[in-house]
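We did not get these values from a lab; they are worked out from the coordinates using the rules stated. Values in this document were obtained by computation on a predicted structure and should not be read as measured data. A quick note on method: Cβ atoms are made from the backbone with ideal geometry, for glycine too, and the neighbour counts reach across all protein chains shown.
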Amino acid sequence: MVCYIVPTVAAIVHGILRKKVPRLKNDPKQQWLSFLLVGAAIFGIVDHLWNGELFLIGKDVISDLMLGFAILAIVLVVWGLFVVTEITVEKTAA
């Protein structure tokens, strides 16, 4: 029931890194990643809030955290597909 923690922490860490690392700050691809991470975090929080499970911890915390990492992995794969598509489009347009 704490699966939303992983994408939420990832969104916060990525946001901090974007502020501290100059080359990440204005990179549109990093902005896409920020949007996806924040979207996953918001979705998870709203889902758990809606179901009254926001602060509940299940019996199998490891399984819940693994689900969070699976969600994060899917977000990263989708972001990777966006980046590859963008690079491909740029190469074919040139």
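For helix 61-93, what angle does its Cα long axis make with the longest principal axis of the chain, in degrees from 0 to 90 and rounded to 10?
In the chain, helix 61-93 runs at an angle near 10 degrees to the longest axis.
If a/c stays under 1.5 just call it rounded; otherwise compare a/b with b/c (prolate if a/b is bigger, oblate if not). Do that for the chain, with a ≥ b ≥ c from the square roots of the Cα gyration tensor eigenvalues.
Since a/c reaches 1.5 and a/b is larger than b/c, the shape of the chain is classed as prolate.
Find, among the chymotrypsin sites (Phe, Trp or Tyr not before Pro) in segment 49-87, those assigned to loop by DSSP (not H, G, I, E, B) with at most 10 other beta-carbon atoms within 10 angstrom.
Phe55
Taking Cα atoms, how many degrees apart are the long axis of helix 5-20 and the longest axis of the chain, rounded to 10 and kept between 0 and 90?
It works out to around 40 degrees.
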